[in-house]
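Step one of this worksheet: look at the structure below.
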Amino acid sequence: MIVSGWGRYPKIDSNVSRPHTRKEISKLLAIGQTIARGSGRAYGDSAINPINTMEMRWFDQFAGFDPAAGVLTVNAGVQLREITKVFVPRGWWLPVTPGTSFATVGGSIASDVHGKNHHLVGTFGEHVKEIEIMLGNGEIVTASASQYADLFYSTCGGMGLTGVILSAKIQLAPVKSGLVKQKTIKASNLEELFELFEENADVPYSVAWVDCLAPERELGRSVLLLGDHAKKGGVQIDSRQRFKIPIDAPGFLLNRWSIKAFNSLYYSKAKQGDEKLVGLFDYFYPLDKIDNWNRMYGHSGFIQYQFVIPKQNGADNMRKLLGRIAYLGEGSFLAVIKLFGGENDNLLSFPFSGYTLALDFKVSQKTIDLLNVLDELVIDMGGRIYLTKDARMTSNTFRRTYPRWETFESVRQKYGAIGKFSSAQSVRLGLL
Amino acid sequence: MSKILIIGATSTIAEHCARIWATQGHEFFLVGRNPERLDCIVSDLSLRGATKVGKLVIDLCDFNSHQAMLDAAERGLGGLDTVLIAHGTLSDQKACEQSVALTLREIETNGLSVIALLTLVANRLEAQRKGTIAVISSVAGDRGRSSNYVYGSAKAMVTAYTSGLRQRLQKSGVSVVTLKPGFIDTRMTEGFSKGFLWVKPADAAAIITRSIDGGFSEEIYVPYFWFFIMLCIKLIPENLFKRIKL
């Protein structure tokens, strides 16, 4: 069957198996190599093994909850939206969430996902207390910061390459309301935006949308969205999907003019200093309301490119990168900038202290050429690219930007993961 | 608070129905064949809000175990309000065509075991003069098609049986709900490529629980638009039907 990530590029023919029990997983491991896959929300080819891809969708049950400490035990296939729907009404929520609620717990650990609050609380993996992992030989071990620590720090952010994540214990965060106080601040250039990020560093959630096709003198005009959980308003939540894109949009729908018009409109519609209460799903997962929004980019799919660059010369460097994107006339509906907090101990984790930019590009030769140019610039600036969104980075780029990759490989060697767990991405990146 | 017995509790549709009911704080007794999955579902439902979850591992094709299973469920729950029968297998039609044994086994799993259970359950609920029996049949039972008529004929048996049972139990105040799912993205339909008619198990479960909780004693297509699709399929004259591939 043809499998792809959320970006629908690349498309790879793979046998997909969906085990129902742990025994079935160990049987699959005995046959040959595989990679575990959650909801398929990684954008590129990180959850696809061309021989056998193992979907964890039937491992989607809650396994335990300590209501005093807020520690939840869940199987790897549970989607974050299920945790939200069941536990927000009880006053607990995810300490970290990515931009989609469809991501699974296993996928969130393997990607060591970050959210709009990274500058204060770090990544998802930093709130995981324990992970139950099935190793390549079928043995099940429980890894944490105190036991099998090397395996733990390799599995958080390890893209599924150390073993199969079966379940995890997660420390939830207390929440008083299903509403979020959102404040909108406009910035007319990057310096202004970066200052605003620093000024508001104590606000829990912050992310900025940036107009990547603005004319040169207005490059970096952006809208900063700050958020914090409301103290009241009830804990009911509305997670309904309201729209559906049932078929691929024609490829010509998104072009530089339509995107330019959208971005200009978005910028001019944002109201300076606007404050309002919005639902939790509206604030954190706006795109989840549209079923299959990835079809917007047409049949050939899209690449989401996300990099992080250090704070030093951040505005200059970001301007250089945005300028290059604008110069080539490529752009996307969603270009978002965020200030990251510090790096953690997970060997292949993406975030470090600096600024991150994420944008979508429709797949074309022009896009690929542009991204190759951007890669070089990002490397020179001391940055790196997010593996969960990557579909085309070279092994050279990977090794230069993830310096702990050799330690990662030695841990995989130690736990018998080499030759058992691999993805189209890991092969491309030169991981054995 | 209802006392709900689910037979075939590890089926995807049944599991999602149970999740919806669990948040309403009902009590469950789950019957299934796979102990590991049954245990997973028991803890999951308890965490979602079920006030009590009992379980029993049995093979439903062992008809002699049914009476004892129902006793255990009734004892465990202290009565029975709703019985959902959801177990089944999707037959390999091509393999069945070459094997009498396989064909009969599929009919046994999807048809006879359900009838055996219904016979016992109906008498219990008729005696207490209240309750709901819900059975997962299938749109496949509406008309035999070359691509899956073994499965279809077993489901046709279930649909016809429940139709008669519904008439019989009408005067005792017991509801009989025959559910006819179309294409639902479950464990049973893993091999299919999924097009636009497919729905998620959670959405199917929402329709099913609404039908059961609403007290309907009827045949319900899941989702509803399958009523029209199957109406068209049933209206095709046999002389034409035999020539088309479905």
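The values are calculated or read from the model by the stated rules, or taken from the named source; none is laboratory data. Computed from a predicted model, the values in this text were never measured in an experiment. Neighbour counts are summed over all protein chains in view; Cβ atoms, including those assigned to glycine, are modelled from backbone coordinates with ideal geometry. Heads up: the accessible areas ignore ligands, DNA and RNA and are worked out on the full protein's heavy atoms, side chains in. Shrake-Rupley method; radii C 1.70, N 1.55, O 1.52, S 1.80 Å.
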For A:Thr356, indicate whether it is open to solvent by less than 10 Å² (accessible area, probe 1.4 Å) and more than 30 Å from A:Cys156 (Cβ to Cβ). no
Test for B:Leu77: is it of a type in the set (A, V, I, L, M, F, W, C), surrounded by fewer than 21 Cβ atoms within 10 Å (Cβ to Cβ) and over 13 Å from the mean Cα position of the chain (by Cα): yes
Review point. Does region A:225-246 include one or more residues that are open to solvent by 10 Å² or more (accessible area, probe 1.4 Å) and in a helix (DSSP H, G or I)?
Key: no
B:Ser2 fails exactly one of (1) more than 11 Å from every other protein chain (Cβ to nearest Cβ); (2) in contact (Cβ under 8 Å) with a residue 24 or more places away in the chain; (3) surrounded by fewer than 17 Cβ atoms within 10 Å (Cβ to Cβ), namely (3)
Within region B:53-62, the residues that are farther than 17 Å from B:His16 by Cα and either within 14 Å of chain A (Cβ to nearest Cβ) or surrounded by fewer than 15 Cβ atoms within 10 Å (Cβ to Cβ) (or both) are B:Val57, B:Asp59, B:Cys61, B:Asp62
- So A:Leu80, is it within 10 Å of chain B (Cβ to nearest Cβ) and either crowded, with 17+ Cβ neighbours inside 10 Å or touching a Pro at 6+ places or on another chain (Cβ under 6 Å) (or both): no
Counted residues in region B:187-196 being in contact (Cβ under 8 Å) with a residue 24 or more places away in the chain and more than 10 Å from chain A (Cβ to nearest Cβ) come to 2
The correct count of residues that are in contact (Cβ under 8 Å) with a residue 12 or more places away in the chain, open to solvent by 60 Å² or more (accessible area, probe 1.4 Å) and away from chain B (no Cβ under 13 Å) in region A:14-32 is 2
When region A:208-218 is checked residue by residue, the ones that are open to solvent by 20 Å² or more (accessible area, probe 1.4 Å) and touching a residue at least 60 places away in the same chain (Cβ under 8 Å) are A:Glu216
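For region A:402-423, name all the residues that are in a helix (DSSP H, G or I) and buried (at least 20 other Cβ atoms within 10 Å of the Cβ).
Start the filter on region A:402-423 by keeping residues that are in a helix (DSSP H, G or I), which leaves A:405-414.
Across region A:402-423, the qualifying residues are A:Phe408, A:Val411, A:Arg412.
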Residue pairs qualifying under the 7 Å Cβ cut-off, at least six apart or on distinct chains, with the first in region A:236-249 being closer than 13 Å to A:Asp291 by Cβ and modelled with pLDDT of 70 or more and the second being open to solvent by less than 60 Å² (accessible area, probe 1.4 Å) and aliphatic (A, V, I, L, M), are A:Phe243/A:Ile290
Reported set for region A:60-76 where residues are open to solvent by less than 10 Å² (accessible area, probe 1.4 Å), part of a loop (DSSP other than H, G, I, E, B) and within 11 Å of chain B (Cβ to nearest Cβ) is A:Gln61
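Looking only at region B:89-100, which residues are under 21 Å from B:Leu60 (Cα atoms) and at pLDDT 95 or above?
B:Cys96, B:Val100
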Restricting region B:18-52 to residues that are surrounded by 21 or more Cβ atoms within 10 Å (Cβ to Cβ) and over 19 Å from A:Phe59 (Cβ atoms), the one nearest to the other protein chains (Cβ to nearest Cβ) turns out to be B:Ala50
Only unsatisfied item for A:Gly341, checking (1) out of contact with any Leu (no Cβ under 6 Å at 6 or more places or on another chain); (2) within 26 Å of A:Lys186 (Cβ to Cβ); (3) at pLDDT below 95, is (3)
Only unsatisfied item for B:Gln67, checking (1) among the polar types (S, T, N, Q); (2) open to solvent by less than 20 Å² (accessible area, probe 1.4 Å); (3) under 21 Å from B:Leu125 (Cβ atoms), is (2)
The one condition A:Val180 fails out of (1) closer than 27 Å to A:Asn75 by Cα; (2) touching a residue at least 60 places away in the same chain (Cβ under 8 Å) is (1)
